[in-house]
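The values are calculated or read from the model by the stated rules, or taken from the named source; none is laboratory data. Quick caveat: nothing in here was measured; it's all calculated off a predicted structure. In this analysis, Cβ positions are derived from the backbone assuming ideal geometry, glycine residues included, and neighbour counts consider all displayed protein chains.
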């Protein structure tokens, strides 16, 4: 037992391929995809009534968002921390810029908001991956 290293209380590392880790990643991706899809459908509704087009649009946006989020969660840990953070920054920036463009703003302003948001998300992700490296 002399070789056993103590672990920090409340912190448990899971292997990236375990069933519980995959279920957790999928659950988070589906939940965030649901929120994103409802938000996109609500913006596209534009104070009109809810119709089937808005519902299907929300489902499509949510499914695409959840699929990309799940893929990033599965593939991201295999990347270098710089690329991993850049991927999350680009994904977050594109997602926010798209929602901003749905609200009727100009394409230049939507790109600017997405770019600034992507930089912030990328820097936050890089800080997280840099400080919590195994």
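In the set 72, 26, only one residue is modelled with pLDDT under 95 and surrounded by 16 or more Cβ atoms within 10 Å (Cβ to Cβ); that residue is 72. The residues in region 29-53 that are surrounded by 19 or more Cβ atoms within 10 Å (Cβ to Cβ) and more than 25 Å from residue 89 (Cβ to Cβ) can be counted, and the count is 1.
Part of a helix (DSSP H, G or I) and assigned by TED's automatic domain parsing to the domain that holds residue 123: is that true of residue 100 in this structure? Even if it seems obvious, please write down each step before you answer.
Numbers: part of a helix (DSSP H, G or I): yes; assigned by TED's automatic domain parsing to the domain that holds residue 123: yes.
It is true that residue 100 is part of a helix (DSSP H, G or I) and assigned by TED's automatic domain parsing to the domain that holds residue 123.
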